[in-house]
Every structure is written in structure tokens, then in C-alpha cells.
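The next block holds one structure in the form of C-alpha cells; read it before the comments.
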Amino acid sequence: MSLSIKDDEIDIVIGALRPDLTSFMNEWRTIFSRFHLIIVKDPDLKEELKIPEGFNLDVYKKPDIDRVVGTSTSTIFSGYSCRYFGYLVSRKKYIISVDDDCYPAKDNKGILVDAVAQHITNLTTPATPFFFNTLYDPFTEGADFVRGYPFSLRSGVQCALSCGLWLNLADYDAPTQALKPEERNSRYVDAVLTVPARTLMPISGINIAFNREVIGPALLPSLRLGGEGKFRWETMEDIWSGMCVKVVCDHLGLGVKTGMPYVWRNDRGDAIASLRKEWEGVKLMEEVVPFFQSVRLSREATTTEDCVAEVANVVKEQLESKDPMFARAAKAMVDWVKLWKSVGSSTSSPGA
Amino acid sequence: MAEPATATQAAAPAVALLKDELDIVIPTIRNLDFLEMWRPFFQPYHLIIVQDGDPSKTIKVPEGFDYELYNRNDINRILGPKASCISFKDSACRCFGYMVSKKKYIFTIDDDCFVAKDPSGKAINALEQHIKNLLSPSTPFFFNTLYDPFREGADFVRGYPFSLREGVPTAASHGLWLNIPDYDAPTQLVKPLEKNTRYVDAVLTIPKGTLFPMCGMNLAFNRELIGPAMYFGLMGDGQPIGRYDDMWAGWCTKVICDHLGLGVKTGLPYIFHSKASNPFVNLRKEYKGIYWQEEIIPFFQQAVLPKDCTTVPKCYIELAKQVKEKLSKVDPYFDKLADAMVTWIEAWDELNPIGPVPNGKAA
């Protein structure tokens, strides 16, 4: 853990899609217990949450969400999107979020991975999006910039987002997992790297962390599949949100890292059953990717909120005719920016 | 990872992939003792030795290897006046080996690179991994967070468009180094004892539009797809710069690959790099490069190749033109380099008369 980061600058936001968080919280106890947690219960979940003692936390349920944003708006926080409510009400600088079916992983030496510490290290060391370093993260111990890396680019830029990975059940889509039902990810890749500028990737929401002050409003609930369900195989909301975040980061000169930390993702659900719901998302990506690759934001967009608003406009102009889902997504993005401005703490400082 | 592997015989593959389609190009000025260690992995393949330095010296090749060897006299004889494009007193001369090869694939390795061990202690067959990298597609258009999706035990992640999952042909495979890392002179001076002990079990495609520093110590490529772009420039004797040969080739190669829709991979395999070169000597060689690269990088980042450049030689000639136009003002060296780039292509065409087929699609 970076010595300059105080524990009270961090919120751990957990979206609870299952009621019994006992084993989840206990598995993470040694890592989570020193931090403040925000647990947001999926408003669609009927059962009471079971949370073990000994944590410093705030729990938000449907009535709380209704109270803060109004009953008509609270529907945007259904399912996996419930965590965005946590981002909205947090007042901390850094947020770390993992899915409630993930446990701490062990590294190649059998040592438990402190995912929080690694995310914080990623967020508090520079990113290097303008030129690829073949030895991966040059700021990690035992590594550096390689020969041929321009010196003017070695101070790097601020890292806004840290995307972690998953051992065991990797974040594959339903068709892939259905085709390879036994496939589990057992490869621990000992690296963090910066995703190059203008390179897009699927940013999974399963294990992420970000600098809320710098990029907060860009992580947003907006694209909701018609048949969105309660398994990651049945969603694309994080992928969509992640594309927005990367475009905004690229525009504002901020960095996105990927790689460690790993979490252990438990087996859950049935990929074949989820196939029925995910085909829609799979089809959409064919439009979504070329679209985001072509988005260019204006010079006047100097804050994250402005960037998000501009992306929303472009979504509306270019995608709304292709599927009504996009029109709804664009509106949700605009509404989100308004919501962030009124409820979320201000992030009006321009990007780095 | 403190020492190189010794038990390589046990790790030799039953079948040497691409045995008759791949040449191993090795530049050397000293000796080829290091080949003994690589024998189980390299012996099935044909070697092209490019002997730098004094041509009257005899370089002994260990018994049992099938090879051709070229010294400076041979290079001058074969290329005549065009030999001016091949560097002298610098490992950049290795690209002569690419030019005379008749094979589809090239693997090049430095003579101070040995067999490394993976974390389980097993000897790494670097050549085999390079071949796997070259024979499986690359994915430059969208980043896969689980790295190479074509590796066993991996796949494309959720959100990766299916239309991009076929990938594109892989033109180059860039391997890494355990022990002595490929640092520049200033970094070596600041961290003389730093060793790379981190084994990163990944191969990944370098995204389109992203440049990288390509090291020639442990590199393989598809000569038919990208060979003419692998010119290692004017370095060494009589030149103002050294240790930028592979960098130059890498930037040209990447720009052309991006333009033609070809892929470049980096990551595995690792070799064990044993020799740390003298940082003061290196500093003198790199000195100008450290300044020049501040201009060179933006040049390559902004380079646009016209649509009618549909083959590698056409792309390369066009790049040479742009180097002359835009970089000559940085230093007259670039004017010379641009001319040498053209000479290289002329020499390549002479030695490879059938000529490459148009490959990929202009971006």
C-alpha cells in the first residue's frame, strides 16, 4: 500500500445481487476491514441482506435509493448497476469495486493477493499510454522503461482506472463459456500494463478501481439489455460504461491500466441458460465497438461531465436509429450527468 | 531465474516445427559457443551467420549445424555498391541475413542469449514459442484483457466483438529477456545491478496505432509478410549513432503492419540475456539517439501511408521519402538513412527477384 494514501481516502463499493454476503465478507475480511464499505442492495432483491459484524460500512437499499434519487430514477440502479449508486454517494477519492461472487485470489507463490493494495498502487503510479513499454509497468519494482522509450514520455500521466482480472471463472461471454464449459482461467500473469491511448478494450466491472475525483461521472449505468439479468453473462452495462470511460480518459490524457490484481471468481450460473439473454448484447457490440473507435470529443470538453455529455450526444445522433436501446442509453447518460452534478460531489476540476 | 537452463535436451520437441521454412539469423563478432546450449532446439534448423568486424578472423561454428556464413567480404561481393546500406561494426549487419534467406520465417537471436527457465524450472524453447506466436493470429483492433486469446487456456473476453475474433496474420513476434534487461545506457548507469526476474506468462498483440521499442535480441518474423521492412539501418562504423538499429526497424515495421492490417505480438518467449554491455560505451553510441528519438517518435506516430501502398516495399519506399522530407532537418544523418532505406529495398528486390505478393489490406 502506498504510504501516502490514507485508508480514509478509499471506499469499497459492493453491489449485492445475492442476499447472503456472509462468506464473501469473511473471505475479504483481512483485506477489507480497515476500509469504509458501501454496500448497495440490488433494488430488485427481495430478501434481507445478511452481513457479518466487524466492518465499517453503510448499506443502501431500495428505500434509501428512492429517497436520494426519486422512485422513478431508482430503476436505473437495478441489477449490477446498483453499484453505481455507491459511486454516486461516495465522497472518497478512490473507489474499489468487486462483484459479490469474487473472493481473494492467490498468486503464483500461493500468497493471498491484496487486491485493494494493488489497485491503489495502480491508481497512484503513473500510466504510460503514449508509447508501449515491453517490460510492462515501468514503475513496478524490478522493472523500468526499456531502451528506445522516449525520455519525454517517462513521467507518464495520472492513472484514472485500474482494471483487474479473474482466476477460475474468467469474464467470458455466454457463447464462449457455453462452448467450453470446463474452461477455467488458471494463468496468473504477473503484470500490470497501461492500455495504450486510443486502444479500446472490454472493461469488465467485475474487479475495478478508479479515481472518483477525476473520472467518477464517466462510470455510469446507461446501456441496459432488453433481457438484462442477474448474471454477468446477461449484461453489457459495464462494457458500455467502460468504452465511455476509455474514450473520456483518452481525450483528457488520463491513463487506464489492466492486469493485476486478480480475484478468484466463483462458479455461478449456467452459460447455456444465459445464452438466450446475452445474444442481444453480443450483437450490439458489433455496432458499439466501431462507434466508440470513431468518437472524437471537442476541445471544449475539458471536464469529465462535459465529455460524458458529448458522448451521449454522439450516441444519440449516430446510434439511436440503429436500436432504441441506444436512444435510451444516451438519455440515461445525460440524466446521469445531471444526477451526478446534483447528488455526487463535484468533480469540476478538469482532467490532467 | 538466476541462471540459464542446462537440461535443454529433455525439453527438445519431438517435431521441429517449420524446420524447412525457417532460418535462424545470428550476427556475431566473437564466437558461437552459445549455440551449444541451444543445440537441442536449433539443430534441426538452418543457420545464417553474419560475421561482423574483421573478415579475416575465422568464426568457428559448432559441429553438426547446417549453416551459411557471410563476412564483410561476402556482403561486399554479393551486394556490390549496395553494400553501403549494411552496417559495419554493429549487430545491425544481421539484416543482411534476412535479405539472403530463402525461407518464409526468420528467427534472430544475439550470441549472448541463452536458454531461460520458466518458473517451474523447465528449459524454455524460445524458437517453438515464437513459431506458435507467428502461426496464430494477432488481434490489433481491440484489446483482449486476457492477452492472447489463441493460447491454450485463454479466449476472448465478454464484450469482444465476434467479427474481430478471427484476427489478422502475425507478422512479427517480439520476445523478452530474463536477467539483463534491455535498458538504455542512462538507465543502466542508474541501476547497474537490476536484473529482470519477473516471468510474465503472457503473449499479447500490440494494438494498432501504438508504437513500441522493438529489441532485436530475441525476435522472429514472417519474412514473406514483412521482411523488407526489417531493415536495421545505418549504425556503427562511420555512423553517428548505434543501438538504434532494431528500434528503427521496429518503428518502420509497426507503421507498415498497422497500414497493411498485420499483427505484431510481444511477450513470451523469454531468453536468458547474460551479458551486460558497457554502459559508458553504450551511452556514447546512444547519445544522439536519445535526443533524436524525441523527433523520430512523433514522426512515426503521425506517419500516414497512402492507400496505393499495398505492398511492403511500396510502403517502405514511401516511408523513406517521408523520412527524407521530415527528418533531414533533425540531422543530415536521416538524409543518408533515407537513401540507405531505398538502397536496401533495391538490394532486397535484386536478391529476391520474384517479389512479395501484395499482402493485407491498406488501412
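The values are calculated or read from the model by the stated rules, or taken from the named source; none is laboratory data. Here the structure is a predicted model, which is why all the values come from computation and not from measurement. When we count neighbours, we look across all protein chains shown, and the Cβ atoms used for this are built from the backbone with ideal geometry, even at glycine. All accessible areas refer to the heavy atoms of the entire protein, side chains included, with ligands and DNA or RNA removed. Shrake-Rupley method; radii C 1.70, N 1.55, O 1.52, S 1.80 Å.
Put simply, of B:PHE107, B:PHE88 the only residue that is under 30 Å from B:ALA347 (Cα atoms), surrounded by 22 or more Cβ atoms within 10 Å (Cβ to Cβ) and touching a helix residue (DSSP H, G or I) at 6+ places or on another chain (Cβ under 7 Å) is B:PHE107. Sub-6 Å Cβ pairs linking a first residue in the range A:11-26 that is within 7 Å of A:ASP100 (Cα to Cα) and part of a helix (DSSP H, G or I) to a second residue that is open to solvent by less than 10 Å² (accessible area, probe 1.4 Å) and not polar (S, T, N, Q), at least 6 apart or interchain, are A:PHE24/A:ASP100, ordered by first then second residue. Restricting attention to the range B:38-56, the residues being in contact with a strand residue (DSSP E or B) (Cβ under 9 Å, 6 or more places away or on another chain) and either aromatic (Phe, Trp, Tyr) or part of a helix (DSSP H, G or I) (or both) number 5. Scanning the range A:230-239 for residues that are at the interface with chain B (Cβ under 9 Å from one of its Cβ atoms) and either under 10 Å from the mean Cα position of the chain (by Cα) or in a helix (DSSP H, G or I) (or both) gives A:ARG232, A:TRP233, A:ASP238, A:ILE239. A single entry from A:VAL256, A:VAL282, A:VAL289, A:VAL263 fulfils the requirement of being more than 24 Å from A:PHE85 (Cα to Cα) and open to solvent by less than 10 Å² (accessible area, probe 1.4 Å): A:VAL289. Taken over the range B:135-190, the criterion of being more than 11 Å from chain A (Cβ to nearest Cβ), open to solvent by 20 Å² or more (accessible area, probe 1.4 Å) and of a type in the set (Gly, Ala, Ser) is satisfied by B:SER136, B:GLY167. Considering the range B:249-363, the qualifying helices (runs of 4 or more DSSP H), each wholly inside and each with 1 or more residues that are of a type in the set (Ser, Thr, Tyr) and out of contact with any Cys (no Cβ under 8 Å at 6 or more places or on another chain), run over B:279-302, B:332-351. Of all residues in the range B:24-37, one or more are touching a Ser or Thr at 6+ places or on another chain (Cβ under 9 Å) and either assigned to a helix (DSSP H, G or I) or among the aromatic types (Phe, Trp, Tyr) (or both).
Within the range A:158-173, residues that are within 23 Å of A:GLY216 (Cα to Cα) sit with their Cβ atoms under 8 Å from residues that are modelled with pLDDT under 95, at 6+ positions apart or across chains, in these pairs: A:GLN158/A:ALA352; A:ALA160/A:GLY351.
For the range A:160-186, the set of residues classified as among the aliphatic types (A, V, I, L, M) and more than 10 Å from chain B (Cβ to nearest Cβ) consists of A:ALA160, A:LEU161, A:LEU167, A:LEU169, A:ALA178, listed by residue number. Tallying residues that are within 16 Å of A:ILE12 (Cα to Cα) and surrounded by fewer than 20 Cβ atoms within 10 Å (Cβ to Cβ) within the range A:36-50 yields 1. Restricted to the range A:109-159, and to residues there that are of a type in the set (Val, Ile, Thr) and in a helix (DSSP H, G or I), the residue that is nearest to the other protein chains (Cβ to nearest Cβ) is A:THR121. Any idea which residue in the range A:202-233 is farthest from A:SER162 (Cα to Cα), counting only those that are open to solvent by less than 10 Å² (accessible area, probe 1.4 Å) and of a type in the set (D, E, K, R)? Selected residue: A:ARG232.
Selection of the range B:223-248 for residues being within 11 Å of chain A (Cβ to nearest Cβ) and assigned to a helix (DSSP H, G or I) yields B:ASP245, B:ASP246, B:MET247, B:TRP248.
When residues in the range B:200-222 are screened for being within 7 Å of chain A (Cβ to nearest Cβ) and more than 14 Å from the chain's Cα centre (by Cα), 8 of them pass.
Would you call B:GLY97 at the interface with chain A (Cβ under 10 Å from one of its Cβ atoms) and open to solvent by less than 10 Å² (accessible area, probe 1.4 Å)?
Considered against the rule, which asks whether it is at the interface with chain A (Cβ under 10 Å from one of its Cβ atoms) and open to solvent by less than 10 Å² (accessible area, probe 1.4 Å), B:GLY97 comes out as no.
For the condition in contact with a Lys or Arg (Cβ under 7 Å, 6 or more places away or on another chain) and of a type in the set (Gly, Ala, Ser), B:GLY167 does not qualify.
Every condition in (1) modelled with pLDDT of 95 or more; (2) under 30 Å from A:ASN185 (Cβ atoms) holds for A:GLU53 except the one numbered (2). When the criteria are applied in full, B:ASP112 meets the requirement of being open to solvent by 10 Å² or more (accessible area, probe 1.4 Å) and under 22 Å from B:PRO4 (Cα atoms).
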